[in-house]
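See below for the structure under consideration.
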Amino acid sequence: MKRTLGVCYYPEHWPEETWARDAAAMVAAGLTWVRIGEFAWSRLEPAPGTFDFGWLDRAIATLGNAGLKIILGTPSATPPRWMLDRFPDMLAVGADGHPRRFGSRRHYCHSHPGYRDAARDMAAILGKRYGRDPRIHAWQIDNEYGCHETTLSYSAAARDAFRDWLAQHYQSIDALNRAWGNVFWSMEYADFDDIDLPNQTVTQANPSHELAFRRFASDQVVQWNAAQVAALRPLTDAPLIHNYMGRELAFDHHAVARDLDIASWDSYPIGFLSDRLEGDAAHKARYLQQGDPDMQAFHHDLYRGLNNGRWWVMEQQPGPVNWAPYNPAPLPGMVRLWSWEAFAHGAEVVSYFRWRQAPFAQEQMHAGLRRPDDATAPGLAEAQQVASEIAQMPDVAQAQAPVALLFDYPSAWAWEVLPQGADFTYFRLMFETYRALRCQGLSIDILPASTTDLSGYKLILAPGLATLPTGLAAALSASKAVCLLGPRTGLVTPDLTIPLPMGPALPGLDTTVIRVESLPPGMSRPVQGGGALRHWVETLEGTAPAQLSCESGGPVLVGGKSLHYLAGWPDPDLWSRVLALLAKQVDLPLTPLPEGLRFRSTASHLFAFNYAPEPVEWHGETLEPAGVAWWPL
């Protein structure tokens, strides 16, 4: 796999006389790719039907002639002000019933047909002009779906589209009433046109109603993306990409990816630690300038599971960001570490955000590779070092990991609607499972729960999988792996009701969850032999043999030869015990790692990354803080 570096650049932000100098400096720094255009609608079409492509033609010529490969973005994330005069009702509406206003970005509703068509038309216009331009090597569709909590919109357009979606999905209003249990509280409907959006109710809306709305909203994102893809496909042979975000679960990324060629995501490790990750004060202090040791790798593996393994980092943090509650600078060496970690997980491109820090508007405090005065910022030297290193290292091929973790966006929506515990989130459960595996030195593939071929894995985990997809049980059985399901796996129907008979209803494993409990912070249930359950505890009934039990009685882990069910949320000590027990069954070697050290295995090399703020010894080598090392396998 050929590894290359890129950068995000906004020629419309800078005097035209600086473009050639910038392009030459990018090439001199070892950068190959440059992303442009994704926020430039007001400059491309300053008034309805009045286009100005001259500046973009010249920018593409300048960058392309310097030897850079261009990623051209469609600008639909930033509709210009005049678009609101054309479509006053295109604004997304919050759960409070108030429309979003113009003055930032992503202020559109995915369900608005007029703006969806306008965005599609702009994509087609760009495709006709630049689709066969040899300097355009990739396209980015829109920018960061779901950012600023914009997947769910409670607009009139969304209401009308939701009613149509429900009619198609359920076919009859009686079927919907039965599926949702609307006899409860006299919530029955006589017609699909009677159904409103599940916001501003006196107390919680029917969970089935809420989950249906989330499924609908995800489908709207898929259709929005597909419209622009359909416009561009006939006009270009260059790959189509979207840049997803970290911990953004409001829409099904697997469904969006089916229309794209490459997945990418925007990696901001220090911002995520502060803004999007649970953790105690000591943990956040320890990794203040590095980011969590597993957050980036988790998303690398998540997005590697889309689009047949082709994925990029479209935006990589090179310095302090502006949007987190607190924004420290990266520890020296971390920009290099983050870049190499992405490559070890299979990234084709790592692109830094951005070339030069903007001296104006919302992101003026967001660092780039260069300062606003055009002096060199600290991240540039580390990017140059990475460019030099990848030029000297042979290509690294990926290999199937020994462990698969099954990920399911609808499960995230189900448990968001019906958490039954203030700190229960699907992402947190999945992330702590991933962390437990990584702490044992394991590499992991994250796959969609709908995957039908799981052959070649030694260990497969599917915690929190709300409803078992059709065919999953057969795929698990055919894999010949040791499989761990639970907690909270297979406990609801696709309509978010309790099935009868009750779950998890696993073939060959006689166990039923007959009671669930959520525990407040600081409370736990000790397990015989060490470790404890926290957050979530289940009571099981059945004949499946217990392998671990609570000190107070009752099974924690039950299982047969290959299929196991975990009846609670383990703390780190219990996770270590569970994984050791399962790994022993399949002769999977575990390597407990020092705090902050992480591994990633490829087909040819073992990579090591030191997130710790102190040196770590391994294989006779000292890895300094932010240190990276690799050894041939």
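Annotation for the range 618-633 versus the range 357-399: alpha-carbon center distance of 23 Å.
Of all aspartates and glutamates in the structure, those lying under 12 Å Cα to Cα from Lys2, and not within fewer than 8 positions of it along the same chain, are Glu348, Asp395. Note on the range 1-149: the alpha carbon radius of gyration divided by the globular reference 2.2 N^0.38 Å gives 1.13. Here is the size of the range 156-200 from its Cα atoms: Rg then Dmax, 10.3, 28 Å.
Hey, got the dipole for the chain? About the Cα centre, +1 on K and R Cβ, -1 on D and E Cβ, debye to the nearest 20?
For the chain, the charge dipole is close to 940 debye.
Comparing Cα centroids, the range 43-57 and the range 158-237 end up 37 angstrom apart.
In this rough spin-label picture, where each label sits 7 Å from Cα along the Cβ direction, the Ala230-Arg135 distance is 3.2 nm. With Rh defined as the Kirkwood radius, the inverse of the mean 1/r over Cα pairs, the Rg/Rh of the range 328-464 is 1.07.
Given R0 = 22 Å, the distance between the Cβ atoms of Gln223 and Asp193 translates into a calculated FRET efficiency of 0.55. Span-like helix check, the chain: qualifying full DSSP H segments, with Cα axial length of 27 Å or more and mean Kyte-Doolittle of -0.5 or more, are 207-232. For the range 425-492, trypsin sites (Lys or Arg not before Pro) meeting the loop criterion (DSSP other than H, G, I, E, B) and having at most 15 other Cβ atoms within 10 Å: Lys480.
For Lys128, which lysines qualify as cross-link partners when the Cα separation must be under 26 Å and same-chain residues fewer than eight apart are set aside? Here the lysines satisfying the reach criterion relative to Lys128 are Lys69. Multiplying the residue separation of Ala329 and Ala580 by 0.36 nm and removing their Cα-Cα distance gives an extension gain of 86.6 nm. Given R₀ = 41 Å, FRET efficiency for Thr543-Glu621 by Cβ-Cβ distance, to 0.05? For R0 = 41 Å, the calculated efficiency reads 0.20. Packing around the peptides 319-327, 28-36, taken as the average count of other Cβ atoms within 10 Å per residue, puts them in this order, highest first: 28-36, 319-327. Mean separation of Cα pairs under 8 Å and 6 or more residues apart, divided by the residue count, gives the chain a relative contact order of 11 percent. Extension gain, Trp631 to His13: 0.36 nm times the residue separation minus the Cα-Cα distance gives 218.1 nm. If R0 equals 45 Å, the separation of the Cβ atoms of Glu614 and Asn65 corresponds to a calculated FRET efficiency of about 0.40. Classify the range 551-594: rounded, prolate or oblate, from the alpha-carbon gyration tensor (a ≥ b ≥ c, eigenvalue square roots; a/c under 1.5 rounded; otherwise prolate if a/b is larger than b/c)? Oblate is the answer for the range 551-594, as a/c is 1.5 or above yet b/c matches or exceeds a/b.
All of the numbers you see were taken from the coordinates with simple rules; none came from a lab. Keep in mind it's a predicted model, so treat the numbers as computed, not measured. Cβ coordinates were reconstructed from backbone atoms using ideal geometry, including for glycine residues, and neighbour counts include every protein chain displayed.
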